[in-house]
Every structure is written in C-alpha cells, then in structure tokens.
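Notes to accompany the following structure.
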Amino acid sequence: MIESRRSEILSLVHQHGELPVAELSKLLGVSEVTVRSDLKALAEAGQVRRARGSVRPPLELRRESPLEQTRHEHSAAKRRIGRAAAALVRDGETVFLDVGSTTTEVARALSPTLQGVTVVTNGLNIALELERLSGVRVIVTGGTLRPLQHSLVSPYALDVLKHIHADRLFLGCNGVHPEHGVTNANHEEAEVKRLMVAQAREVVVVADHSKLGQVSRAHIAPIGGVTTLITNRRGPEPPAELDGALREMCLV
C-alpha cells in the first residue's frame, strides 16, 4: 500500500513538474501528514525535491532511452544472455517475459521445439517475436501502451497478472545493486514488474554488465527476491559489488 502510493506520487510529480502537498493529499485521498511522510522518504532516496508546501522532480532526471536505441547497446552480450536464459525454459512451463531489449533476446532465443509453453508478456514486440513458435501460447497482458518500450502498463495490465502464477519470470531492469536491489527507470513499468515478481516461483534477472551496481528511480525487488542473475563476463572474476549478495549468478 505504501509502496503503491509512493509510486503514484512519483508518477504525478513527473507528470506535472511541481505539485502542492494539499493537492497531492486530495488526489491520493490521504492526509497531508501521510503525504509529507511519503515525501520525506522519497526525498531521502533522491527521487523528489521538497519545497515549501510542494514537491518537485529531482534536479537531474536521466531520460529513458527508446527500445530501438537500447537494443544496439552491448548487443552481443545481450544475445548471449538471451540464449542462456532461453535455455532454462522447459516444455509445459508458464513463463513471464518482461519488456526490454535483453528480454527481447530471450524471446528470440527460445527453441522452436518447445511444446506446451505459455508465455505471458507485457511487451508488444515480444509477443510478435513469439508468433513463430507453434508450441508456445502467448498471452498479452493488455493495458495502456508506452510507445518508448512497446510496453503495456496500468490500467488493466495488473488485472490480468493477478490471475496468473508463473514457473519463472525473466525480468529486465535498469539497475542491479546489492543494497538497493533491482530497479527500473519508469514507475508504471516497475509496478507491473513488481506484480510479476510476486506471481512467479523463480525470478531470473537478465541484465548486461552496464546495469550492475546501478540504481534507478523505481524499486522492483530486493536482491534476496532474485533467484538467478544472468549477466555477461567483463573479466575473469564476477562483479565485485554483487559478489556474495545473490543466490546464483550466471556469467556468459
């Protein structure tokens, strides 16, 4: 409840630029005392700036890049990660496949011999990638389209996910940090990702080395909630900042 409300605050602040505390209180249907408590926590995390009687976005807000751009960044590593992740899928499984350039590579690497697999995705481009697989049933969450990532978010996306339990989630992100966990650049997408985490038996994070040690705006899950991290090897040793923090790390 608290996390959902704070995500809504961030969404409203980023949409309007600056909002009075009194207006936030009315929009959220909670007291100004509650709003100020939320704003204090968000400000301490660097996600908002507080002013007298109002709240503003942080001074530096890194722009989210479109999928068509990010797919070319570390593309070879993403393909290796995608192949390693796809190899985990077994016949008869139900799988959540999250949005993103690396998860798109997972979709592309799924074996054409798979049978009885159900893939649930919030990515329109991923659904189209999977049309070629006769043994895979594709369920699209529905919801509001975010053209930047070809992703589907609330309303409605959460309604579908609440009724599905998956064997495995392949989760994309913008940051993986030993203390701050798995994070994402967009709050609406993060809300969908959090529910996928809650509804999946195993959580497999797919992230190239540029995401390791990074912290983005919206929290998805603590490191303890991750079953496996699949990432690319930059040298002979695993990334030091995550060594020992994960249950399992797969380097490709």
Tell me the mean residue ellipticity at 222 nm calculated for the chain from its helices only (DSSP H runs of n ≥ 4, each -39500 (n - 2.57), averaged over every residue, nearest 500).
-9500 deg cm²/dmol
I need the phi-derived Karplus couplings for the stretch 99-110: 6.51 cos²θ - 1.76 cosθ + 1.60, θ = phi - 60°, integer Hz, Gly and Pro marked x.
6, x, 6, 6, 5, 4, 5, 4, 4, 5, 8, 4
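Could you give me D for the stretch 126-209, from Stokes-Einstein at 37 °C and 0.692 mPa s, where the hydrodynamic radius is the Kirkwood radius over C-alpha pairs? Units µm² s⁻¹, please. Present the calculation step by step, with values, prior to reporting the outcome.
Numbers: Rh = 13.9 Å.
It diffuses with D of about 236 µm²/s by this estimate.
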Sorted by chain and number, the residues with a modelled amide H under 5 Å from that of Val117, at a separation of 5 or more or across chains, are Gly92, Arg137
10 Å binning of all Cα-Cα separations within the chain, expressed as whole percents from 0 upward:
7, 31, 34, 20, 7, 1, 0
Quick check: at a probe of 1.4 Å, how many percent of the accessible area of the chain sits on carbon and sulfur atoms?
50
Where only protein heavy atoms count, and the probe is 1.4 Å, what is the accessible area per residue for the chain in Å²?
48
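Kindly identify the stretch 112-169 as rounded, prolate or oblate by the Cα gyration tensor criterion: order the square roots of the eigenvalues as a ≥ b ≥ c, call it rounded if a/c is under 1.5, otherwise compare a/b with b/c, prolate if a/b is larger, else oblate. Before the final figure, lay out each step's value.
Working: a/c = 2.87, a/b = 1.42, b/c = 2.02.
In terms of gyration-tensor shape, oblate.
Rounded, prolate or oblate: which one fits the stretch 1-103, using the alpha carbon gyration tensor with axes a ≥ b ≥ c (rounded when a/c is under 1.5, else prolate when a/b beats b/c, else oblate)?
Values: a/c = 3.68, a/b = 2.12, b/c = 1.74.
In terms of gyration-tensor shape, prolate.
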Enumerate lysine pairs in the chain that are 8 or more residues apart or on different chains, then count those whose Cα atoms are under 30 Å apart.
11
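How much of the DSSP bridge set in the chain is antiparallel, in percent, rounded to the nearest 5? The partial results should precede the final answer.
Details: 15 of 39 bridges.
Antiparallel: roughly 40 percent of the beta bridges in the chain.
Count charges around Thr141 for me, please; just the other residues with Cβ under 11 Å from its Cβ, Lys/Arg as +1, Asp/Glu as -1.
On the way: positive: Lys162; negative: Asp98, Asp159.
Taking every Cβ under 11 Å from that of Thr141, the sum is -1.
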Cβ crowding within 10 Å averaged over residues, with 124-137, 196-209, 157-170 ranked highest first:
196-209, 157-170, 124-137
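The values are calculated or read from the model by the stated rules, or taken from the named source; none is laboratory data. Note that the structure is a prediction, hence the values are computed from the model and not measured. Ideal geometry is used to build each Cβ from the backbone, glycine not excepted, and the neighbour counts take in all protein chains shown. To get the accessible areas, we keep the full protein, side chains included, count just its heavy atoms, and leave off ligands, DNA and RNA. Shrake-Rupley method; radii C 1.70, N 1.55, O 1.52, S 1.80 Å.
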